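First up is the structure itself, then whatever we jot down about it.
Bear in mind that the values in this text are calculations on the coordinates, not laboratory data. Note that the structure is a prediction, hence the values are computed from the model and not measured. Every residue, glycine as well, gets a Cβ built from its backbone with ideal geometry; the counts of neighbours run over all protein chains shown.
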Amino acid sequence: MTFACKNYVLEEDRCKRLRCECIPGRPGCVLEGRMALSEALEERIRKLEEERKARRVGKE
Ligand code: SF4
């Protein structure tokens with residue numbers, strides 16, 4: 001399968017829409033709800049969100 005997203009910044013390997021790592025189907029992604037995520041991918045997203053929240057708390 002080939003997929004091109006206008007929000008993906010190739011040079012940075014990041015999503016400019018969400019300002020984080022591109023994980024197709026993650027919350028806020030244009031593909032959210034349009035595809036099924038594997039359990040492993042859901043777990044990865046959960047860990048990344050926890051890390052992001054922890055960084056925010058550290059800045060406060
Ligand atoms: S996370 Fe979704 S919206 Fe963002 S670049 Fe990846 S596919 Fe596109």
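What does the helix-only formula give at 222 nm for the chain: each DSSP H stretch with n ≥ 4 adding -39500 (n - 2.57), the total divided by the residues, and the result rounded to the nearest 500 deg cm²/dmol?
After summing the helix terms and dividing by residue count, I get -12000 deg cm²/dmol.
With each pseudo-label sitting 7 Å past Cα toward Cβ, what's the residue 14-residue 30 distance in nm, one decimal?
1.9 nm
May I ask for the angle, rounded to the nearest 10°, between helix 39-59 and the longest principal axis of the chain, with both axes built from Cα atoms and the value confined to 0 to 90°?
Roughly 40 degrees between the two axes.
Could you tell me the extents of the chain's C-alpha atoms along the three principal axes, largest first, rounded to whole Å?
On the principal axes, the chain reaches 40, 28, 15 Å in Cα extent.
Which value, in debye to the nearest 20, describes the size of the charge dipole of the chain about its Cα centre when Lys and Arg Cβ atoms bear +1, Asp and Glu Cβ atoms bear -1, and nothing else is charged?
With Lys and Arg at +1 and Asp and Glu at -1, about 280 debye.
Under a Cβ-Cβ limit of 4.7 Å, which cysteines in the chain have nobody to pair with?
Here 5, 20, 29 come out as lacking a disulfide-compatible partner, given the Cβ-Cβ threshold of under 4.7 Å.
What relative contact order, as a whole-number percentage, does the range 8-59 give when Cα pairs under 8 Å and 6 or more residues apart are counted?
17 percent
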